[in-house]
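The values are calculated or read from the model by the stated rules, or taken from the named source; none is laboratory data. The model shown is predicted, which means the values in this text are computed figures rather than measured ones. Reconstructed Cβ throughout: ideal geometry from the backbone, glycine too, with neighbour counts over all protein chains shown.
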Amino acid sequence: MRKNIVAGNWKMNKTLQEGVALAQELNAALVADKPVCDVVICTPFIHLASVTPIVDSAVIGVGAENCADKVSGAYTGEVSAAMVASTGAQYVILGHSERRAYYGETVEILTEKVNLALANELTPIFCIGEVLAEREANQQNEVVAAQLASVFHLSAEEFGKVVLAYEPVWAIGTGKTATSAQAQEIHAFIRSLIAEKYGKEVADNTSILYGGSCNPTNAKELFSNPDVDGGLIGGASLKVADFKAIIDAFKA
Ligand code: PGA
């Protein structure tokens, strides 16, 4: 059965102290008023070891925003999937458009990262999505299909451990959201690609999150689509009231 998930992506925000305070506040709010979906917070690497012990793992999962494409060794400044897992984190965002655009992450690099995440029992939250020019040229389907190559080498069993996040790059941090119909259309297309590759059962069990200017006002409508299983939330995950309101969009 596929899960509904709301995942926060803190990006490069919050000092350690601020991040710990945010995690504590969110934890208190969700312990007091339990969510009906899975909740994950993806934080900068340095926060992970401090955040995992202070959140109730029954209510909040913790993840990194990236990991290295190498196992270990002389890669100054990199953080491996094993290191992420050793903090108690259970998830890792991979293939975020900011990593693809600013740090040159290719399909091949991301394939390595996905493999290492799974080898270390981390759940990849694998991001795909087109830029504005591609959407305007109606190429979004080809773009996401090509990006899926980083996870389509997996066995069906391995693929079953992956969460997908469709994030149109033109909607990230811009305040411009995909319409509910645009989200549903491409999510259904992505699910059809999974069905073609792995069969209907695997496709039906895959959680596909929407990301890009998701907020308390639009979350309920976006999440009401049959193929939208939650959200990957940037800006609005930095304020407990907003993030909780998005989480509560799954409540009646
Ligand atoms: P946003 O970011 O919610 O601030 O648009 C989403 C993301 O990049 O994951």
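Tabulated data for the structure shown
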{"read-out": "Wholly enclosed strands (runs of 3 or more DSSP E) of segment 3-77 bearing at least 1 residues away from the ligand (no atom under 16 Å from the Cβ)", "value": "38-43, 60-64"}
{"read-out": "All positions within segment 81-101 that are touching a helix residue (DSSP H, G or I) at 6+ places or on another chain (Cβ under 7 Å) and away from the ligand (no atom under 13 Å from the Cβ)", "value": "Ala81, Val84, Thr87, Gly88, Ala89, Val92"}
{"read-out": "Qualifying residue in segment 228-239 (condition: within 22 Å of Glu108 (Cα to Cα) and either crowded, with 21+ Cβ neighbours inside 10 Å or in contact (Cβ under 8 Å) with a residue 12 or more places away in the chain (or both))", "value": "no"}
{"read-out": "Residue selected from segment 1-13 under the condition surrounded by fewer than 18 Cβ atoms within 10 Å (Cβ to Cβ) and in contact with a helix residue (DSSP H, G or I) (Cβ under 8 Å, 6 or more places away or on another chain), by the criterion nearest to Gly173 (Cα to Cα)", "value": "Asn13"}
{"read-out": "Filtered residues of segment 90-131 (kept if part of a loop (DSSP other than H, G, I, E, B) and either β-branched (Val, Ile, Thr) or under 14 Å from the mean Cα position of the chain (by Cα) (or both))", "value": "Gln90, Gly95, His96, Thr106, Leu122, Gly129, Val131"}
{"read-out": "Residue check for Ser80: within 21 Å of Lys11 (Cβ to Cβ), over 17 Å from the mean Cα position of the chain (by Cα) and touching a residue at least 12 places away in the same chain (Cβ under 8 Å)", "value": "yes"}
{"read-out": "Residue under evaluation Gly95, criteria (1) touching a Phe, Trp or Tyr at 6+ places or on another chain (Cβ under 9 Å); (2) crowded, with 23+ Cβ neighbours inside 10 Å; (3) at negative phi, criterion not met", "value": "(3)"}
{"read-out": "Options Leu94, Leu154: the member that is under 25 Å from Phe223 (Cβ atoms) and either at pLDDT 95 or above or in contact with a His (Cβ under 9 Å, 6 or more places away or on another chain) (or both)", "value": "Leu94"}
